[in-house]
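Undergrad: After the structure tokens below, expect a handful of questions from me.
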Amino acid sequence: MTAPDPRIKPVGEITTRHLFDMVVDLDEPLDIGGPAGRRVLFGSAGGTFHGPDLRGEVLPGGGDWAVFRPDGTMVLDVRLTLRTDDGALLHMTYGGRWTTPPELHADIADPARRHHVDPARYHFRTNPLIETGAERYAWLNTITCAGSGYLVEGGVAYKVARIL
């Protein structure tokens, strides 16, 4: 049995604080295909975000250049532009993974049923980073976030937390 590395230090548990909830309305997906899995563009048609310290709209034009791997996991590659209610622009990027068990695949594939599937039945997690030149929101340039995603009618929603 190998002893723990003596260089490991206690750094405390990871804690979070709610940053905002976000809904992204999606355009019709574009199935691009590809050699590493099926790449699909889920374009952003707009949306909203609301939290205790910032709120505003998701602008059209961003999206998720997702890859569906052969094992059934969707790998996210998202870029969005957010505009706060006071006019600041935020650039938000995140990767992540969405894994659904095989017994949910038919329901998730059905546009009329997908948003009724309980999010506790699938794994949908993200790691958002936000950048801005707006002085009021410069604190966003220094934080890391974690998000939980779920499907809603017409799009996708996230609960985003700041990692402390």
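The values are calculated or read from the model by the stated rules, or taken from the named source; none is laboratory data. Here the structure is a predicted model, which is why all the values come from computation and not from measurement. Cβ placement follows ideal geometry from the backbone for every residue including glycine, while neighbour counts extend to all protein chains displayed.
Undergrad: Name the residues in region 72-91 that are in a loop (DSSP other than H, G, I, E, B) and either free of Cβ contacts under 8 Å to residues at least 24 places away in the same chain or touching an Asp or Glu at 6+ places or on another chain (Cβ under 6 Å) (or both), would you?
TA: Step one: filter region 72-91 for residues in a loop (DSSP other than H, G, I, E, B), giving 72, 85-88.
Hit for region 72-91 is Gly87, nothing else.
Undergrad: A further question follows. Every residue in region 17-49 that is over 28 Å from Leu59 (Cβ atoms) and outside any loop (DSSP other than H, G, I, E, B), please.
TA: The answer is none; no residue qualifies.
Undergrad: When Ile14 is evaluated against the numbered criteria (1) of a type outside the set (Phe, Trp, Tyr); (2) surrounded by fewer than 11 Cβ atoms within 10 Å (Cβ to Cβ); (3) without any contact (Cβ under 8 Å) to a residue 60 or more places away in the chain; (4) assigned to a loop (DSSP other than H, G, I, E, B), which criterion, by number, is the only one it fails?
TA: With (1) of a type outside the set (Phe, Trp, Tyr); (2) surrounded by fewer than 11 Cβ atoms within 10 Å (Cβ to Cβ); (3) without any contact (Cβ under 8 Å) to a residue 60 or more places away in the chain; (4) assigned to a loop (DSSP other than H, G, I, E, B) applied to Ile14, the lone miss is (3).
Undergrad: Moving on to the next point. Of all residues in region 114-148, which are more than 19 Å from Leu54 (Cβ to Cβ) and in a helix (DSSP H, G or I)?
TA: Arg114, His115, His116, Pro119, Ala120, Arg121
Undergrad: Assess whether Thr100 counts as being in contact with a Phe, Trp or Tyr (Cβ under 6 Å, 6 or more places away or on another chain), crowded, with 18+ Cβ neighbours inside 10 Å and at pLDDT 95 or above.
TA: Against the criterion (in contact with a Phe, Trp or Tyr (Cβ under 6 Å, 6 or more places away or on another chain), crowded, with 18+ Cβ neighbours inside 10 Å and at pLDDT 95 or above), Thr100 does not qualify.
Undergrad: Looking at region 149-164, which of its residues are closer than 18 Å to Trp98 by Cβ, in contact with a strand residue (DSSP E or B) (Cβ under 7 Å, 6 or more places away or on another chain) and not in a strand (DSSP E or B)?
TA: Gly154
Undergrad: Only one of (1) surrounded by fewer than 16 Cβ atoms within 10 Å (Cβ to Cβ); (2) touching a residue at least 40 places away in the same chain (Cβ under 8 Å); (3) out of contact with any helix residue (DSSP H, G or I) (no Cβ under 8 Å at 6 or more places or on another chain) fails for Asp53. Which number is that?
TA: Only one criterion is unmet by Asp53, namely (2).
Undergrad: Of the conditions (1) hydroxyl-bearing (Ser, Thr, Tyr); (2) assigned to a strand (DSSP E or B); (3) over 18 Å from the mean Cα position of the chain (by Cα), Tyr94 clears all except one; give me its number.
TA: For Tyr94, the exception is condition (3).
Undergrad: Consider region 105-143. How many of its residues are without any contact (Cβ under 8 Å) to a residue 40 or more places away in the chain, touching a Leu at 6+ places or on another chain (Cβ under 7 Å) and β-branched (Val, Ile, Thr)?
TA: The qualifying residues number 1.
Undergrad: Please determine whether any residue of region 70-82 is farther than 16 Å from Gly149 by Cα, surrounded by 14 or more Cβ atoms within 10 Å (Cβ to Cβ) and touching a Lys or Arg at 6+ places or on another chain (Cβ under 9 Å).
TA: Of the residues in region 70-82, the ones farther than 16 Å from Gly149 by Cα are 70-72, 81-82.
If we keep only those that are surrounded by 14 or more Cβ atoms within 10 Å (Cβ to Cβ) as well, we get 81-82.
Cutting the leftovers down to touching a Lys or Arg at 6+ places or on another chain (Cβ under 9 Å) gives us none.
No, region 70-82 contains no residue that is farther than 16 Å from Gly149 by Cα, surrounded by 14 or more Cβ atoms within 10 Å (Cβ to Cβ) and touching a Lys or Arg at 6+ places or on another chain (Cβ under 9 Å).
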